[in-house]
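These notes concern the structure reproduced below.
The values are calculated or read from the model by the stated rules, or taken from the named source; none is laboratory data. This is a predicted model, so every value here is computed, not measured. Here the Cβ positions follow ideal geometry from the backbone for every residue, glycine too, while neighbour counts run over all protein chains shown. We work out accessible area using only protein heavy atoms, side chains counted, and drop any ligands, DNA or RNA first. Shrake-Rupley method; radii C 1.70, N 1.55, O 1.52, S 1.80 Å.
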Amino acid sequence: MLKVGVLGAGHLGKIHLKLLNQSNKYNLVGFYDPIKENAQKVAAEFGYKAFDTIQDLINAVDVVDIVTPTLSHFDCAKEAIEKGKHIFIEKPITKTVEEADALIELAKKHQVKGQVGHVERFNPAFTAVKNSITNPMFIETHRLAEFNPRGTDVPVVLDLMIHDIDIILSVVKSKVKKVNASGVSVISDTPDIANARIEFENGCVANLTASRISLKNMRKTRFFQRDAYIAVDFFEKATEVVRMKDAPEKPGDFDMILQNAEGVKKQIYFENPTVDANNAILDELETFADAINNNTTPIVTLEQGTEALRIAHLIINNF
């Protein structure tokens with residue numbers, strides 16, 4: 001079992017603490033939170049050990065789980081890496097691409113592993129169909145959230161849309177060619193609603209919409225490729241796969257057949273992949289433990305987290 005400590009005991013930090021405490025792949029040593037009253041409250045309520053300084057926590061563990069505000073990600077990660085500790089770091093990886101690049105170099109120098117908390121990669125609806133997403137040519141995403149003051153210190157692109165940017169980059173095996181975007185500030189100092197169009201060198205186009213002032217929550221992505229339409233509902237954890245194949249010579253009474261102007265007939269059929277319930281946060285933390293113990297590549301690398309951040313900033317700079 002790897003000794004792990006958590007930096008940050010806010011809303012998400014407390015979730016990480018609870019799951020790491022339950023995990024049989026980690027030994028939770030404790031946590032550090034700079035707000036003394038919060039640290040004392042969490043320690044008293046849950047029984048986790050509160051460390052007096054970041055340095056004390058880092059020295060006591062093998063893995064540092066960074067669940068602090070984005071602005072402090074770089075400093076926390078740098079300190080942990082320089083002490084030879086593996087890091088799990090919440091998304092976005094850092095505030096700037098330059099900081100993220102520096103972390104990648106530090107991790108290589110000190111031979112430690114890092115993983116970024118792009119948790120939607122572990123959403124069971126996505127994992128159920130990701131192997132079916134082979135060559136998407138058009139992707140449409142909608143990520144809408146009811147207003148929550150948490151997260152409004154950064155643009156909606158870094159708060160919400162970055163999840164979809166990472167998912168898209170994980171399935172499109174091509175470089176980004178062009179980005180167009182627009183964003184509107186409604187209640188915050190930074191954009192609360194954003195739309196982006198990403199064009200890839202292979203011809204794929206992705207259209208992304210994100211809002212944090214919606215009346216309802218929605219997290220849906222649709223992938224269109226030559227042989228299939230694949231819909232993933234990240235919120236409801238449901239999938240829909242529609243495929244087309246050459247129609248049989250003698251279709252059955254209930255077969256759905258389409259015929260184009262040239263007379264070519266195609267049969268439409270539906271697949272219902274099994275979506276197994278899971279805890280995505282626990283999965284991402286435990287797969288990181290596996291990567292450390294087996295000396296394999298983490299599922300969401302520091303490089304991938306950095307590329308998602310780079311595209312996010314391209315979008316923001318297009319506003």
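Here are a few things to note about the model shown:
- In the elastic network of the chain, a GNM with C-alpha springs shorter than 10 Å, the most mobile of 142, 110, 86 is 110.
- Under 19 Å from the Cα of residue 108 - lysines, other chains or at least 8 residues apart: 78, 83, 85
- Close amide H contacts of residue 138 (hydrogens built in the peptide plane, cut-off under 5 Å, sequence separation of 5 or more or a different chain): 205, 224.
- Backbone N under 15 Å from the residue 229 label point (7 Å along Cα→Cβ), restricted to segment 124-158: 137-141
- Computed with a 1.4 Å probe over protein heavy atoms only, the accessible surface of the chain comes to 50 Å² per residue.
- Proximal lysines relative to residue 36, as straight alpha-carbon distance under 22 Å, when same-chain residues fewer than 8 apart are discounted: 14, 18, 49
- Label-reachable residues, segment 215-230, where backbone N falls under 19 Å from a point 7 Å from residue 186's Cα toward its Cβ: 215-220
- C-alpha long axis of helix 36-46 to longest principal axis of the chain, angle in °: 70 degrees
- Projecting label points 7 angstrom from Cα along Cα→Cβ for residue 274 and residue 38 puts them 4.1 nm apart.
- Protection proxy ranking of 45-58, 238-251 - average other beta-carbon atoms within 10 Å, highest first: 45-58, 238-251
- Nearest-ten-degree value, helix 97-110 long axis tilted from longest Cα axis of the chain: 70 degrees
- Spacing of the two label points (7 Å from each Cα toward its C-beta) at residue 267 and residue 72, in nm: 6.0 nm
- Value at 222 nm in deg cm²/dmol, rounded to 500, when DSSP H runs of n ≥ 4 in the chain each add -39,500 (n - 2.57): -9500 deg cm²/dmol
- Of interest is the spacing of the C-alpha centroids, which for segment 206-258 and segment 82-129 amounts to 30 Å.
- DSSP bridge pairs, the chain: antiparallel proportion in percent, nearest 5: 65 percent
- The equivalent ellipsoid of the chain has semi-axes of 39, 22, 19 Å, largest first, where each one is the square root of 5 times an eigenvalue of the Cα gyration tensor.
- The alpha carbon centroids of segment 165-193 and segment 1-79 are separated by 31 Å.
- Over 16 Å [Cα-Cα, segment 141-258], rounded percent: 67 percent
- Each label point was placed 7 Å from the Cα along the Cα-to-Cβ direction; for residue 178 and residue 217 their separation is 3.7 nm.
- Peptide packing for 24-37, 7-20 was compared via the average number of neighbouring C-beta atoms within 10 Å per residue; ordered from the highest value, the list is 7-20, 24-37.
- Rounded to the nearest 10 degrees, the inclination of helix 162-171 to the longest alpha-carbon principal axis of the chain is 60 degrees.
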